[in-house]
Amino acid sequence: MSLLPKYLIMLNVYRILFFLLLIPAWLKAQLIPKENSKINYRLICFSFPDSIKANSYTLQIAEDSCSDEISFQKHISVTVSAADNNIIARVAHFGKKYSWRTIAHYGLSESISPIHYFSTMASKYTDSSAFRMNILKHGEQYKDAYVFSDVMKGLFDMEGQLVWNLPDFAMNDNLQVRDLKMSPQGTITFILAETPFSQIYEINYQGDILWKGPNDGKVSGDSIEHYHHEFTRLSSGHYMVLGTELKDIKLPSYGLGDLPGNKLNNSAADSIMYKNLLFGTVIEYDHRGKIIWDWKSSKHLLVTDIFYFKDPLTGRPVPDIHDNAFFFDETNSEIYISYKQISRVLKIKYPEGLISNTFGEIYQQDITARGTDLFCYQHGCKISQMGYLYLFNNNDCKWPKPPTVVMFKENTLEKGALKKIWEYECPIENTFEKNQDNKIMRAGLTLGGNVMELADQSIFISECSPYSQILIVNRKKKLLWKASTEKWNQVSNKWEQMPQYRASIIPDKVSMEKLIKFQERKNLSIE
């Protein structure tokens, strides 16, 4: 039997040594939270090297940085057992150091890992004496759900405990967060706005940036796209967002525009030139930031009745036709777009871009809008599981009536016709309404709001500025859960409501675990 040449023997020895040297780095790479990391959440997925021979594992977490066995044992605050090497556990505090280790069980024997370390970061919103989500009605049915609050830039459990914060880059007080929510892929998407610049982001639970918008102005014709209001990752994996197109439009003083087909002979003296008139755009990107599809409202609305519109509160034209919400019905290839200022919802065929239906009052020259008793100044339009159009109806043009959530069935035989099949009047318990007179309230109007149908057809409702209530009601209009976002006023020495633009919900434990365990990093955005 021949022996291997010496150089082959040495080569195999080097390979074995190289592999042994890599083992510590490999083990460290599998640890989550990463060694000595600072994390922005208290609800944590602990991930560690798996052992094919282990029957089960125990996770132990101790408060403070414990360097020896005696100290660790003394400070253990959390113990969790599980069958695999991914264990979700909650620590008690933000702004604190922690130690942790695992025990692998092999029948009658066990193996204890080294002690690892991490810390949780504090922010202004982790101070529960200054900011809180006040639970006004507890709800057992949705005890495993979680709620994103844009105004407090975080995620709360249904008992009002903050469990997650946005990462540091989004926590600047000058930055407004909009449309903070979980995507179908188990990531988090949101808009970060700092006037006049705004950007759209997708991050994982750990706060890593996975994707951000190109924001290059290819659709708007400006230097940026002016992202606003709503940003959604579609089930296809593409991204869809609202943008703004600014146009200079010449309108007569009474509000009628120089539209194609206009038979009036308007002199320059009778006209007003509006600079930077806001029109909405819808943009669809792929994962590399390439524009897949876009739609401009200016190409369609400039030849309709919109410049006949006169605000029912003031009797004056409103030269602002920006959109504030959209919903992509991917099953039927239709997009619904909400226009608050003109109280209108458009239904658009995708990808053709043609308007297939218009919902809302049709405006006439020299006649102030009266409304159609359907909705006005609405937000958050969506399509229900049964195919009904539903939205948050701010209802400002019918003051002092409160906001409502309204659900409609489309009449396929009559264009633009909607049949109201369900309506819920939102409760108003707010110091703004009690302490300010009607004139101030009417001038401020209500801003924002959101609705989301849940799996059991109950409705999650996010009331808006100047209100701050979040609630869940079922179809029988029974209140299932209710909360209010609040901050402590040191001057008046009391809690006051903290209005937000929009809240969203993670409805169940399975969805939350999907979010927590998602680790992927793509970084495919266009810089």
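Leaving out same-chain residues fewer than 8 places away, which aspartates and glutamates sit with a Cα under 17 Å from that of K153? Candidates past the 8-residue exclusion: D127, D168, D173, D179, E194, E202, D208, E230, E463, E486. Taking 20 Å as the straight-line reach from the Cα of K250, the lysines in range (excluding those fewer than 8 positions away in the same chain) are K263, K275, K296, K299, K310. Note on L413 and I70: their simple-model spin labels are 8.7 nm apart, each label 7 Å out from Cα toward Cβ. Partners of K494 within straight-line reach, counting lysines whose Cα lies under 21 Å from its Cα and excluding those fewer than 8 residues away in the same chain: K124, K137, K434, K482. On the basis of the beta-carbon distance and an R0 of 51 Å, K96 and T314 show a calculated FRET efficiency of 0.45.
Spacing of the modelled spin labels on K517 and I291, each 7 Å from Cα toward Cβ, amounts to 4.0 nm.
How far is it, in nm, from the label point at I362 to the one at I428 when both lie 7 Å from their Cα along the line to the Cβ? Distance between the two pseudo-spin positions: 3.2 nm. Across the range 78-87, computed HN-Hα scalar couplings (Karplus, 6.51 cos²θ - 1.76 cosθ + 1.60, θ = phi - 60°) run 9, 9, 9, 10, 7, 8, 10, 9, 10, 10 Hz from first to last residue, x flagging Gly and Pro.
Within 13 Å, Cβ to Cβ, of G95, how many net charges do the neighbouring residues add up to if Lys/Arg are +1 and Asp/Glu are -1? Working shown, then result.
Values: positive: K38, R42, K96, K97, K124; negative: E63, D64, D127.
Net charge in that neighbourhood comes out at +2.
How much net charge surrounds Y388 when only other residues with a Cβ under 14 Å from its Cβ are counted (Lys, Arg +1; Asp, Glu -1)? With Lys, Arg at +1 and Asp, Glu at -1, the neighbours total +1.
Each of T232, T244, T58 was scored by other Cβ atoms within 10 Å of its Cβ. Listed from fewest to most, they are T58, T232, T244. Between D216 and K478, the contour length at 0.36 nm per residue exceeds the Cα-Cα span by 89.6 nm. A full extension of the chain between T331 and K299 corresponds to an added length of 9.0 nm, given 0.36 nm per residue minus the alpha carbon distance. Measuring between their Cα centroids, the range 181-209 and the range 444-474 lie 21 Å from each other.
Here, each number is a calculation from the coordinates, and none is a lab measurement. Quick caveat: nothing in here was measured; it's all calculated off a predicted structure. Ideal geometry is used to build each Cβ from the backbone, glycine not excepted, and the neighbour counts take in all protein chains shown.
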